[in-house]
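Working notes, beginning with the structure itself.
The values are calculated or read from the model by the stated rules, or taken from the named source; none is laboratory data. In this text, all values refer to a predicted model and were calculated from it rather than measured experimentally. Here the Cβ positions follow ideal geometry from the backbone for every residue, glycine too, while neighbour counts run over all protein chains shown.
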Amino acid sequence: MKDLTKQRILKAAIKIASSQNFKAITRDAVASLAKVANGAVNYHFGTVTGLKSEVMKHAVENEILTVIAEGLVDNHPVALTATAQLKEKAFKQYWV
């Protein structure tokens, strides 16, 4: 059960980052979309920062370019691990 809840939270955060923007990921917004208590976000990810790192990791692994570009602009440590080619692709997509 815990893993399913964690997956729902992560999917909700990814959806928010993709459809709105990375900065729109908040505990309240994610919990509401995932239909979980606010405390579940902290329980599964420690902090919203931890959740955002997981979202960025997912974005880099799955080439979600707009999320990666936002992470690069903010110097997010996980976004900075993307390959040079992926970074360039993200910036081109973001500013075109």
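Of the candidates V73, V30, the single residue that is modelled with pLDDT under 95 and either of a type in the set (A, V, I, L, M, F, W, C) or within 16 Å of R8 (Cβ to Cβ) (or both) is V73.
In the stretch 37-60, the residues that are exposed (fewer than 14 other Cβ atoms within 10 Å of the Cβ) reach residues that are basic (K, R) with C-beta atoms within less than 7 angstrom, at least six apart or across chains, in these pairs: N38/R27. F22 meets each of the listed conditions (1) farther than 20 Å from F91 by Cβ; (2) aromatic (F, W, Y); (3) crowded, with 21+ Cβ neighbours inside 10 Å apart from (1).
Within the stretch 46-96, the set of residues being farther than 13 Å from A17 by Cβ and in contact with a Phe, Trp or Tyr (Cβ under 9 Å, 6 or more places away or on another chain) comprises L72, V73.
Scan the stretch 11-36 residue by residue and report those that are under 10 Å from the mean Cα position of the chain (by Cα) and free of Cβ contacts under 8 Å to residues at least 12 places away in the same chain.
Once the filter is applied, which keeps residues that are under 10 Å from the mean Cα position of the chain (by Cα) and free of Cβ contacts under 8 Å to residues at least 12 places away in the same chain, the stretch 11-36 yields only A24.
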